[in-house]
Amino acid sequence: MSGPGEPGRHSRPQAHEVLCRALVLFSVAARAAMEADAARRDAADWQVRMLAWLERTGLDRALEPDEARLLQAPPGSLGDADVRDASWRAEGVYVLAWALGAHPPLAHDRLADPNELAGPLRFLDDAALDGEEAPSLRAEHEVDGFLARQLAVHWRLREYSLRPGPMDFAAVVASGGWARLDIDAAALLDGDLAIDGDTIDCAEPDAIARCTSIASERHRAASWLAGADPVYSRVENIT
């Protein structure tokens, strides 16, 4: 059985499947953003446009049941938890866009910008899945290295939530042991994880919470890319 920092035992998704999942996740995040504008008269029209696009492109067949229910819910009807969870799917979109070569790598403490993802993925374009060139994925060793970095960051944030305080995080990553870990030097400060220019033990609580949510979603997406589970929502994460 594969460990949390190793490629999964299922077949890895192919490039076309990754593109479909990226566009589905973008739709989910877009639906969450729509909730803030639910009172606008054109909110329902925008939702109809997105649902029609999903149907025309066949992407509606790639929706998981919970995703379909969320996308079809009338504007203004979603609960806070649903909106929050759906919003974080943008971080998964970033990971899949990176794997498709459509986005450069981001720092672990920088949020993905949906405006920088929509164009490269051709969101709401009827030809999004019919490009002249078939999509291609980064090499497996690149995806596995990316996963190792996501796991390391996520583990450090979860460990800090349980046992606050400084740590020689660089040494933990170097020793490995229970899983394959990796970390970019730019993500470290004085040997520990850096957040917004401070070591984690000096960072603001809101910043730590933000980075934990980023890490959770990016770790899930990277694990899915490595074959953890063919169903995105079933991919296990650090708890």
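How large is the convex hull of the C-alpha atoms of the chain per residue, in Å³?
Considering the Cα atoms of the chain, their hull volume per residue is 128 Å³.
Taking every alpha carbon pair in the stretch 100-206, what does the distance histogram look like in 5 angstrom bins from 0, in percent?
In order of increasing distance, the bins hold 2, 10, 18, 18, 15, 12, 10, 7, 5, 2, 0 percent.
In sequence order, what are the phi-derived ³J(HN,Hα) couplings for the stretch 147-154 according to the Karplus relation 6.51 cos²θ - 1.76 cosθ + 1.60 with θ = phi - 60°, rounded to whole Hz, with x for glycine and proline?
4, 4, 6, 5, 4, 4, 5, 5
Helix 205-225 sits at what angle to the longest principal axis of the chain, using alpha carbons and giving 0 to 90 degrees rounded to 10?
70 degrees
Tabulate in residue order the Karplus-calculated ³J(HN,Hα) for the stretch 191-197, using 6.51 cos²θ - 1.76 cosθ + 1.60 with θ = phi - 60°, rounded to whole Hz; enter x for Gly and Pro.
x, 10, 5, 9, 9, 6, x
Which far-off residues, 5 or more places away or on another chain, put their amide H under 5 Å from the one on His103, with H placed in the peptide plane?
Trp98
Share of the chain's accessible area from carbon and sulfur, percent, 1.4 Å?
49 percent
Using helices alone, what [θ] at 222 nm do you get for the chain, with -39,500 (n - 2.57) per DSSP H run of 4 or more residues, divided over all residues and rounded to the nearest 500?
Helices in the chain give a 222 nm mean residue ellipticity of -16500 deg cm²/dmol.
Roughly how many nanometres apart are two label points built 7 Å out from the Cα toward the Cβ at Ser175 and Arg138?
Computed distance between label sites Ser175 and Arg138 equals 2.8 nm.
Express in whole angstrom the spacing between the alpha-carbon centres of the stretch 194-222 and the stretch 49-121.
21 Å
Quick query: amide H of Leu188 versus all other amide H atoms, modeled in the peptide plane; which residues come in under 5 Å with a sequence gap of 5 or more or a different chain?
Ala194
Keeping all protein chains in place, calculate the accessible area per residue for the stretch 135-194 (probe 1.4 angstrom), answer in Å².
Computed with neighbouring chains in place, this is 49 Å² per residue.
Which three lengths, in whole Å and largest first, does the stretch 1-115 cover when its Cα atoms are put on their principal axes?
Here the spans come out as 48, 33, 27 Å, largest first.
Return one whole number: the accessible area per residue of the stretch 1-122 in Å², for a 1.4 Å probe.
Solvent-accessible surface per residue comes out at 51 Å².
Can you quote the Å³ per residue value for the convex hull of the Cα atoms in the stretch 37-169, rounded to an integer? Don't jump to the answer; show the numbers that get you there.
On the way: hull volume 20.5 nm³, N = 133.
Residue-normalised Cα hull volume stands at 154 Å³.
About its Cα centre, how strong a charge dipole does the chain have in debye, to the nearest 20, once Lys and Arg get +1 and Asp and Glu get -1 at the Cβ?
Computed about the Cα centre, the dipole is about 500 debye.
Mind listing the phi-derived Karplus ³J(HN,Hα) values for the stretch 111-119, rounded to whole Hz, using 6.51, -1.76 and 1.60 with θ = phi - 60°, and x for any glycine or proline?
Each residue's phi maps through the Karplus curve to give 5, 5, 9, x, 5, 8, 9, 4, x Hz.
Given Ala170, Leu188, Leu121, which one lies farthest toward the positive end of the charge dipole of the chain, if we put +1 on the Cβ of every Lys and Arg and -1 on the Cβ of every Asp and Glu?
Leu121
The values are calculated or read from the model by the stated rules, or taken from the named source; none is laboratory data. Note that the coordinates shown come from a computational prediction; the quantities given were computed from them, not determined experimentally. For neighbour counting, all protein chains shown are included, and Cβ atoms are generated from backbone atoms with ideal geometry for every residue, glycine included. Ligands, DNA and RNA are stripped out before the accessible areas are found, and what is left, the full protein with its side chains, is counted by its heavy atoms. Shrake-Rupley method; radii C 1.70, N 1.55, O 1.52, S 1.80 Å.
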